[in-house]
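Take a look at the structure set out below.
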Amino acid sequence: PILSWFNIRRLRSVGVSPCAAPVQQAMQRMLERLQVKRRVDVLASSLITSPIVVGCFRSVILLPTHFITTTPISQLEAILAHELAHVRRYDYVVNLLQTLIETLFFYHPAVWWISHRLRIERENCCDDMVVNVLGDKLEYGRALLAVEEFRTSSAHNSLLALGAKSGSLLARIKRLVAPAQHEMPRSGTYIG
């Protein structure tokens, strides 16, 4: 975790540059739509392979430089909304605590199973927030697919960063686009 923390500090300062005006404008729109009151910056990074949010008090969303130039603005908005959902939910605090528990109880398989489930549910919650704000499941699914396609070209791994690489992409997209499964009413006899 200490090495991961140093790597994240490095990501905030090395190989980063300001994003173009359309990305900054998209960021402002998503900050307003998600009602995030704190300051969150967005930067282009040449060192990452998927969008991530770093920082507890001064959060920064890092987007891969080439990803910004090849992705439609509607999909960039969806990805920015997802990362801002992590900020709004204070997921970085949960992730920090989760990493601490994993470090202390690294030998316990139940801790790793629970931790894995928490990461999946954290991504699902953020996905749901994005769909509620943007209202377009298919475009968001396309945005997730674009991130995965870009990410598979190379790999970068960090325990403390919250990124779009977490969770099973196929399961996330299926969950988003599948029709809502409502609980069937229980069968019983009505006595009136």
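The values are calculated or read from the model by the stated rules, or taken from the named source; none is laboratory data. A quick note: this is a predicted structure, and the numbers were derived from the prediction, not measured. With ideal geometry, Cβ positions are generated from the backbone for all residues, glycine too; neighbour counts draw on all protein chains shown. Ligands, DNA and RNA are stripped out before the accessible areas are found, and what is left, the full protein with its side chains, is counted by its heavy atoms. Shrake-Rupley method; radii C 1.70, N 1.55, O 1.52, S 1.80 Å.
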Fill in: Efficiency of FRET between LEU118 and SER46 - r from beta-carbon atoms, R0 30 angstrom, step 0.05
0.45
Worksheet entry | GLU32-VAL93 pseudo-label distance in nm [points 7 Å out on the Cα-to-Cβ vector] | 2.8
Discussion item. Accessible area of segment 1-152 with a 1.4 Å probe: how many percent of it is carbon plus sulfur?
Written reply: 63
Worksheet, complete the sentence: Length gained if PHE106 through CYS56 is fully extended, taking 0.36 nm per residue and subtracting the Cα-Cα distance, is 15.6 nm
Discussion item. Can you work out the Karplus-derived ³J(HN,Hα) for every residue in segment 66-72? Use 6.51 cos²θ - 1.76 cosθ + 1.60 with θ = phi - 60°, whole Hz, and x for glycine or proline.
Written reply: 5, 4, 4, 7, 10, 10, x
Response to the item:
Sequence order, segment 92-106: Karplus ³J(HN,Hα) from phi using 6.51 cos²θ - 1.76 cosθ + 1.60, θ = phi - 60°, Hz rounded, Gly and Pro as x, gives 5, 5, 4, 5, 5, 5, 4, 5, 5, 5, 4, 5, 6, 10, 4
Worksheet item: What accessible area per residue comes out for segment 91-142, rounded to a whole number of Å², with a 1.4 Å probe?
Response: 60
Worksheet entry | Label zone at THR69, where the point sits 7 Å out along the Cα-to-Cβ direction: segment 22-59 residues whose backbone N lies under 14 Å | 44-47
Worksheet item: What is the extension gain from ALA21 to LYS137, computed as 0.36 nm multiplied by their sequence separation minus the C-alpha to C-alpha distance, in nm to one decimal?
Response: 39.2 nm
